[in-house]
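Chemist: Next up is a structure, given as structure tokens.
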Amino acid sequence: MNDPRKHHYNPVFYLSQWTGEDGLVCEFKLVHGKVGAQRRHPKATGFQRDLYQTDGVPAEQAQHVEKTFMSPLDNDAALALQKIVSGDRSDWNGDERTAWTTFLLSLLFRNPENVAVIKDHILKLWEEGKAALEADYVARRRPTDPATFAEFVALTNPAAPQIAASNFLMETISNKQLGPTIFNMHWTRHELTEAKVPTMTSDRPIVMPFGLADRRAYIALPVSPTILFVAAHDTDFAKTVASWNKTKLVKELNKAVVCQARQFVWGTDDSQLDFVRRHIATAPDRIILTEEHRKQALAAARGEVGR
């Protein structure tokens, strides 16, 4: 069997919620400042070839992230999504809750732009660390180490930086700091069938206006044209959402989802094409790595911390 090369950052199981009777979704795509709309199969959109590939390793290992992490993640999340969409009111067990938590986190980090940021950052750290070690190799060399730095490097795996970058991407999505926070938030499902317009989704579908440490924080994710998932610290927030006019709620939700999109928006049809054209990519992208964090990490890689 061929290894998977089409890596979906908006998974097929998720986009399939917006399919029509033809089995297709309406894809709105921003190209060179212009937005066009066409109907696409969920398998034919929201992906990038070899997005999660680990470079420099044997071919049978290159798709490790997609095969052993992303695919199982999405399989488990698909079951959790069906629980939400179907209106299943049974309690979430630990595995279900973990699967959906990890999926929510993945939507923040798995898109092409953020994958590039994460990988480039790790590769830069390796280069800085390597340069610092080379400059100080003689002083740090142990009796059992090779005589020269070049000999030392020759003994290391040349793909080690790329492997580290792939591992860090998986660790970021499985975030041990943010994960428990989302896991313990109050989760609710909201029916939006009364709204005069359906929800849309995008390559930035998570609406999260506050940092998760803020007690006002919430996560809103459209999970179908008529259903909204919400996680919040405040147990009363769900009542507030339920009290809103459904049409107004969907319009505000769509605006947030479309404004923060970078390239793709999806819906059930092209009736909101003008809306997408006005709003797509008009909000700044979420910063996942601040300049201060970059500087601190690079300083640590150079061994400057504590000097």
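The values are calculated or read from the model by the stated rules, or taken from the named source; none is laboratory data. These numbers were taken from a predicted model, which means no experiment stands behind them. Every residue, glycine among them, receives a Cβ derived from its backbone with ideal geometry; neighbour counts consider all protein chains shown.
Chemist: Considering each residue of the range 240-270, count those that are over 30 Å from Glu128 (Cβ atoms), outside any helix (DSSP H, G or I) and in contact (Cβ under 8 Å) with a residue 40 or more places away in the chain, and give that number.
Modeler: 10
Chemist: Ok, one more. Among the residues of the range 1-16, count how many are assigned to a loop (DSSP other than H, G, I, E, B) and not charged (D, E, K, R).
Modeler: 6
Chemist: Separate question: Of everything in the range 8-60, what is under 25 Å from Leu228 (Cα atoms), surrounded by fewer than 18 Cβ atoms within 10 Å (Cβ to Cβ) and polar (S, T, N, Q)? Give them in sequence order.
Modeler: Result: Ser16, Gln38.
Results for (1) assigned to a helix (DSSP H, G or I); (2) of a type in the set (Gly, Ala, Ser); (3) modelled with pLDDT of 95 or more, shown as yes or no for each residue.
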| position | (1), (2), (3) |
| --- | --- |
| Trp92 | no, no, yes |
| Leu104 | yes, no, yes |
| Glu113 | yes, no, yes |
| Val138 | yes, no, no |
| Pro146 | no, no, no |
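Chemist: Then there's this: Inside the range 17-37, can you point out the residues that are of a type in the set (Phe, Trp, Tyr) and assigned to a strand (DSSP E or B)?
Modeler: Of everything in the range 17-37, just one residue is of a type in the set (Phe, Trp, Tyr) and assigned to a strand (DSSP E or B), namely Phe28.
Chemist: Can you name the condition, by its number, that Leu221 falls short on among (1) in a strand (DSSP E or B); (2) farther than 26 Å from His8 by Cα; (3) not small (Gly, Ala, Ser)?
Modeler: Status for Leu221: all satisfied but (2).
Chemist: Being touching a strand residue (DSSP E or B) at 6+ places or on another chain (Cβ under 9 Å) and among the β-branched types (Val, Ile, Thr), is that true of even one residue in the range 261-274?
Modeler: yes
Chemist: Going residue by residue through the range 157-172, is there one that turns out to be out of contact with any Leu (no Cβ under 8 Å at 6 or more places or on another chain), part of a loop (DSSP other than H, G, I, E, B), free of Cβ contacts under 8 Å to residues at least 24 places away in the same chain and closer than 24 Å to Val57 by Cα?
Modeler: yes
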